[in-house]
Structure formats: C-alpha cells, structure tokens
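Inspection log for the structure reproduced underneath, given as structure tokens.
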C-alpha cells in the first residue's frame, strides 16, 4: 500500500475513535506496525456493521517497529501492542503489571535455496547463516537447542550474519549466506519465490518434544487496565477473532487487504495468507501454559539467563485469563 493510503486508513480509524468517546464507548488505543498483520484485521473491522460493538472503539497509533511498541506501552501512550510473553514475564519480574493474551502461533522459519544441499540442521555446520533478530532471537536460541541434541554447537560452528529481516532475505538471494532464519512473513515471501522451508518455529518446538501449539505472539497490556475494561477488552478479542476468520475464509475480505500485504504477485499473496491462517490460536489452556514454562526454561538455559533474566519460571500473571 502507498504510504498516503495507509495514512488515510489510520486517520479514518482515529476519527471513528473520536466519535466513540462522544458515545461513551471504551476507546482502545492500539499500537500498530504499518506492515503488521494487526493492520490487516483492523482494516476488516473498519466500517463493518457486523463487527461494530457497543463496548469499544479503536484508536490506532502507528509504530515504526516492535521496540517502539514496547516503549509506547511502557510510557502509557497506547493500551495494547503485539509482543511476546517472554518479554511480559521479564517485565513482571521487574514489577510491571503487563499481561499477555494469545494472538498467533506463527513465528519464524529457516529457509534455504531449493537446490541447497542443506537438508537437516546438522548440515548447517561450517555454513553461513543469516539471522534476523539478533543473538537473543528466540528461534535462533531454539535452533541452537535442537542442534545440541546432535552434539552440534551452532554458535561455534556456523558463520553468523545478523541483520534486519529484509536484509537477511537479500543476503540469501544474493548467495551471501547459505541459509536464513527469518520472521514468518519474510520466510513466506521466500517460499513464494521457490525457496525451501527447512523448519519453522512450530517444527522446532515439536522436535524439542513440546507438542502443544504455544502462541508466539499476543496482545500485551496492563493487567490493571484490563481489569477496569474487561467487557470492552473481551468484545475486542471476539471481534478480532472474527476478523481473522474472515480473512482466512472470505475471499472478498482478503482481496480488500491485499494492498497492506505489500505483495504484488499472486504467489506471494497466497503464501502469506496460508502462513497467516496457520497461526490461528485454536487452543489456549493449562497444557499450553505449562508448555510455555518448559519453553521458558529451555530458552533461559540456552541464553545463559540473558533473554529471561534471573527468574527460573514464567512469572505469575504473565498470561491473562479471559473472564
């Protein structure tokens, strides 16, 4: 989508939010990345009578990136962002009352060229690996944990190339790295161009004997704010779920948000839709929350406490229980 069009979309949502205040609705200030999938869902929600609620209205705040969202939430300039529960747990250990409600189970993917000789994790030895997200990227840590099962220390046996997601994709296309560990939508774009997915975030967890489908990302907000706006928040979650289902099941709705995907070709659009829909959260209960604690313990060990901090387990209250 052209920047001007995207601005007009968000401006329109803000105007609706102003009207909501006059109607006495709870205004939910959402921190939204321009290229994130949350923007897709908001586009579906806008102007649809079937999604209108007497309880809430959305006010969007455009974010440059995930870190900007964390800053906005901590400063109180937004009510909700999309982030991960590891960060929420760490913030709670510091006394901040953030909490998490699941949004998507889709995470990253390890990609290689179609004709690459890399067929298994062990084949990464002595190769150049592009990594989006830095040394503490969760998929990178999980990949290291899986490699250790084969007595392979990836941290020492691969040439690591860190960079922003678009740069990592370009490095792979130009042959400057042999494999790329990138966020899911960048992996999907590579798939559409004929690259091969070696393993994704879900596959990493299953290979590490974690069978539950644990959400990678979720809505993050202050628990105190949620307790004061339960009805509006629950209504928003229900509307968001319906919007997701519409994007996955209704071709007419999907066609409307294609400009937001920034994908010009049909193959990429289809792959993005497939991977997005595979991230639907269908189960969220005690088994998934217990599995999250297992993942936490694993990440804590691999990162030498750098990712999680000193807490040995997921902090109480990290996961918001809808009621």
Quiz item: Within region 93-107, is even one residue crowded, with 22+ Cβ neighbours inside 10 Å, modelled with pLDDT under 95 and closer than 23 Å to residue 241 by Cα?
Solution: yes
Practice problem: Could you tell me whether region 146-163 includes any residue that is surrounded by fewer than 21 Cβ atoms within 10 Å (Cβ to Cβ), touching a strand residue (DSSP E or B) at 6+ places or on another chain (Cβ under 7 Å) and outside any strand (DSSP E or B)? | Solution: no
Quiz item: Among (1) closer than 28 Å to residue 312 by Cα; (2) crowded, with 20+ Cβ neighbours inside 10 Å, which single condition is residue 184 missing?
Solution: (1)
Practice problem: Output yes when any residue across region 229-244 is without any contact (Cβ under 8 Å) to a residue 24 or more places away in the chain and under 13 Å from residue 104 (Cα atoms), and no when none is. | Solution: yes
Self-check item: Conditions (1) surrounded by 16 or more Cβ atoms within 10 Å (Cβ to Cβ); (2) over 24 Å from residue 41 (Cβ atoms): number failed by residue 304
Solution: (1)
Self-check item: Filter result for residue 141 (modelled with pLDDT of 95 or more, under 20 Å from residue 204 (Cβ atoms), assigned to a helix (DSSP H, G or I) and within 18 Å of the chain's Cα centre (by Cα))
Solution: yes
Self-check item: Lone unmet requirement of (1) surrounded by fewer than 16 Cβ atoms within 10 Å (Cβ to Cβ); (2) in contact with a helix residue (DSSP H, G or I) (Cβ under 8 Å, 6 or more places away or on another chain) for residue 194
Solution: (2)
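Please count how many residues of region 289-322 are outside any loop (DSSP other than H, G, I, E, B), closer than 26 Å to residue 233 by Cα and out of contact with any strand residue (DSSP E or B) (no Cβ under 8 Å at 6 or more places or on another chain).
3
The values are calculated or read from the model by the stated rules, or taken from the named source; none is laboratory data. Just so it is clear, the structure is predicted and the values come from calculations on it, not from any experiment. As a convention, Cβ positions derive from the backbone with ideal geometry for all residues, glycine included, and neighbour counts pool all protein chains shown.
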